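Just below is one structure, and these are the notes that go with it.
The values are calculated or read from the model by the stated rules, or taken from the named source; none is laboratory data. For clarity, every value in this text was computed on a predicted model and none was experimentally measured. Note that each Cβ is placed from the backbone with ideal geometry, even for glycine, and that neighbours are counted across all protein chains shown. Quick note on the areas: whole protein, heavy atoms, side chains included, nothing else; ligands and nucleic acids left out. Shrake-Rupley method; radii C 1.70, N 1.55, O 1.52, S 1.80 Å.
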Amino acid sequence: NAGVTQTPKFRILKIGQSMTLQCAQDMNHNYMYWYRQDPGMGLKLIYYSVGAGITDKGEVPNGYNVSRSTTEDFPLRLELAAPSQTSVYFCASSYSTRGVYNEQFFGPGTRLTVL
Amino acid sequence: TQLLEQSPQFLSIQEGENLTVYCNSSSVFSSLQWYRQEPGEGPVLLVTVVTGGEVKKLKRLTFQFGDARKDSSLHITAAQPGDTGLYLCAGVRGYGNKLVFGAGTILRVKS
């Protein structure tokens, strides 16, 4: 199993450009998450999904969009990149049921710089 | 404002010393987790504590969950250079089992 994979590893964007961060997991996990981590800070939840076709906002969703058409994939879209979106982005997945928490497995991250 | 406050933010100690990292909140969590993160990698789960007053041990690491399930501590005995990293606490809350992270404690253990 590859676990949680993220592409690209690094990216530099110009202000106003768009891009999609890819995330895939091969563990048949139903829950998936996107976090961002700014320097010296913990992770903040951007969006999450509890299953294919179901997504919801986290703490910091502004400027981002997601979709979940399959169990395996959970792409994160930046439409109009801004310098404030310079960060490291982590995707995570877990197998969870209502009221039962299981470990979230994290990908290696995508380091994004917006200039 | 951080929902989970971690302290200290940075700790630099000599090999063999003991240390404690604290994670405090005014909110109750269904469970609380501790992660360790190395540069360029994602966080890796160390432990989950669920019951108020619970104590878990992982080799030289001891984790405690407060009686009211609002705070937790991580104690490392006889720290080693391999313990160097960013330690994050995270509370589990609500629908979707969302994680709320503290800002982290950067630990550096010098040999």
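Projected onto their three principal axes, the Cα atoms of chain A cover extents of 41, 26, 25 Å, largest first. Farthest toward the positive end of the dipole of chain A, out of A:THR86, A:THR20, A:TRP34, is the Cα of A:THR86, where the dipole comes from beta carbon charges about the Cα centre.
When the other protein chains are added to the chain by itself, burial of at least 20 square angstrom of heavy-atom accessible area (probe 1.4 Å, ligands and nucleic acids ignored) affects these residues of the range B:37-67: B:GLN37, B:GLY40, B:GLY42, B:PRO43, B:LEU45.
Of the trypsin sites (Lys or Arg not before Pro) found in the range A:64-115, those that fall in a DSSP loop while having at most 15 other beta-carbon atoms within 10 Å are A:ARG98. Ligands, DNA and RNA left out, the accessible area of the protein assembly as shown computed with a 1.4 Å probe is 51% carbon and sulfur. Placing unit charges on the Cβ atoms of the charged side chains and taking the dipole of chain A about its Cα centre, the candidate lying farthest along the positive direction among A:ASN62, A:PHE106, A:PHE74 is A:ASN62. Does any residue of the range B:91-111 lose at least 50 Å² of accessible area with all protein chains in place compared with its chain alone, and if so which ones (probe 1.4 Å)? Residues meeting the cut-off: B:TYR95, B:GLY96, B:ASN97, B:LYS98, B:LEU99, B:PHE101.
Enter the Cα centre distance for the pair the range A:50-76 and the range B:43-101, rounded to the nearest angstrom. A separation of 27 Å, based on Cα centres.
Could you report the buried accessible area between B and A, both sides summed, computed with a 1.4 Å probe and given in Å² to the nearest 100? Rounded to the nearest hundred, the buried surface is 1800 Å². Measuring only protein heavy atoms, the 1.4 Å probe finds A:GLU59 accessible over about 100 Å².
Going by a ≥ b ≥ c, the root eigenvalues of the Cα gyration tensor, does the protein assembly as shown fall in the rounded group (a/c under 1.5), the prolate group (a/b larger than b/c) or the oblate group? Prolate, since a/c reaches 1.5 and a/b exceeds b/c.
Under a model in which nothing but the beta-carbon of Lys, Arg (+1) and Asp, Glu (-1) is charged, the range A:4-98 shows a dipole of about 180 debye around its Cα centre. Per residue, the accessible area of the protein assembly as shown comes to 47 Å², computed with a 1.4 Å probe over protein heavy atoms only.
Within the assembled protein chains, the solvent-accessible surface assigned to A:PHE105 is about 80 Å², based on a 1.4 Å probe.
The charge dipole of the protein assembly as shown, taken about the Cα centre with unit charges on the Cβ atoms of Lys, Arg (+1) and Asp, Glu (-1), comes to about 160 debye, rounded to the nearest 20. Quick one: which of A:LYS9/B:LYS110; A:LYS9/A:LYS44; A:LYS9/A:LYS57; B:LYS59/B:LYS110; A:LYS57/B:LYS59 span more than 26 angstrom between C-alpha atoms? In this structure, A:LYS9/B:LYS110; A:LYS57/B:LYS59 exceed 26 Å between Cα atoms. Based on C-alpha pairs under 8 angstrom that are at least 6 apart in sequence, chain A has a relative contact order of 35 percent.
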